[in-house]
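What follows is a short report on a single structure.
The values are calculated or read from the model by the stated rules, or taken from the named source; none is laboratory data. For clarity, every value in this text was computed on a predicted model and none was experimentally measured. Glycine gets a Cβ as well: all are built from the backbone with ideal geometry, and neighbour counts include every protein chain shown.
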Amino acid sequence: MSLSETQKHHLTLLKDIHAVSSLCSTKTYIWAGLVRDIITGAFLREHSDVDGFTLNLWGLREKMAALYKQRGYTISFVKDVGFLRIERNGVHAVFNQLELDGETALWRHAGNEGTVYFPKQWLSDVPFSFYDMKILVSGIEFEYAIKMFPQLLNPEWKSREKDFDTITWLNKNLDERNINPIKILKRIWSYNPYWAKRGFKEYTMPCVAWRLDPIGFVETG
């Protein structure tokens, strides 16, 4: 099956992400919609953007921005939530800060106002092959937790049909790998003062996935 122009632009974007990360001696992990495609090894649908988190993004922001600019990207940095956005040829990517503290990974999804904590071991050590590229991803466990419990990030999140389709795939993948979903949910939590300041009192304390209501359990049968 031939690739669309958008998919071709996304491949170029992914190549540049890998190249710039390597030049900065860091790693960028892709998360969200593209993860299923990357693990499968081919595009399964059109995507609107690329989401990633980069080790020490804040410390490398100026260097990375300059390297992306050299490649023709439009660059912007949103200070209040600490993310870097790049765009070219009608496609864009957004990167957040990733930190490691011992065996714990900290994803600053809303800068210092929102952090997700999860096991470092969930991050892919071995990159996946995707159209002759090697790409690191967030990991099956991470994706499952975030898809099932988007409240870890955003109390206003509205789930879409494609989210439930992905959850079905994630459940099957976990079953094939003999990974217990319950153990996943006990190892990821978040703290979001960003939302507490906006009137969501339940966010004044950390949110633990295990104690949240899922968006919907999907049969794996």
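Tabulated data for the structure shown
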quantity	calculated
Filtered residue count, the stretch 12-25, keeping only those that are within 17 Å of Ala93 (Cα to Cα) and buried (at least 16 other Cβ atoms within 10 Å of the Cβ)	7
Scan of the stretch 46-71 for residues that are of a type in the set (Lys, Arg) and touching a Lys or Arg at 6+ places or on another chain (Cβ under 8 Å), ordered by number	Arg71
Residue selected from the stretch 28-47 under the condition in contact with a Gly (Cβ under 9 Å, 6 or more places away or on another chain) and β-branched (Val, Ile, Thr), by the criterion nearest to Leu3 (Cα to Cα)	Val35
Test: residue in the stretch 75-89 that is free of Cβ contacts under 8 Å to residues at least 12 places away in the same chain and within 23 Å of Gln151 (Cα to Cα)	yes
Within the stretch 1-89, strands (runs of 3 or more DSSP E) holding 1 or more residues that are more than 20 Å from Leu153 (Cα to Cα)	74-78, 83-88
Residue match in the stretch 115-134 (condition: crowded, with 17+ Cβ neighbours inside 10 Å and among the charged types (D, E, K, R))	no
Selection status of Lys147, under 15 Å from the mean Cα position of the chain (by Cα), modelled with pLDDT under 95 and under 22 Å from Leu14 (Cβ atoms)	yes
Residue within the stretch 185-207 that is free of Cβ contacts under 8 Å to residues at least 24 places away in the same chain and under 25 Å from Ala42 (Cα atoms) present	no
Whichever residue in the stretch 47-74 is buried (at least 16 other Cβ atoms within 10 Å of the Cβ) and of a type in the set (A, V, I, L, M) and, among such residues, is nearest to the chain's Cα centre (by Cα)	Val50
Considering residues of the stretch 168-182 that are under 25 Å from Thr28 (Cβ atoms) and in contact with a Phe, Trp or Tyr (Cβ under 9 Å, 6 or more places away or on another chain) only, the residue surrounded by the most Cβ atoms within 10 Å (Cβ to Cβ)	Leu170
Residue count, the stretch 140-181 (criterion: touching a residue at least 60 places away in the same chain (Cβ under 8 Å) and assigned to a loop (DSSP other than H, G, I, E, B))	1
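For every residue, the table says whether it meets (1) under 24 Å from Lys8 (Cα atoms); (2) at pLDDT below 95; (3) among the aromatic types (Phe, Trp, Tyr).
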| position | (1), (2), (3) |
| --- | --- |
| Ser129 | yes, no, no |
| Leu136 | yes, no, no |
| Trp157 | no, yes, yes |
| Leu170 | no, no, no |
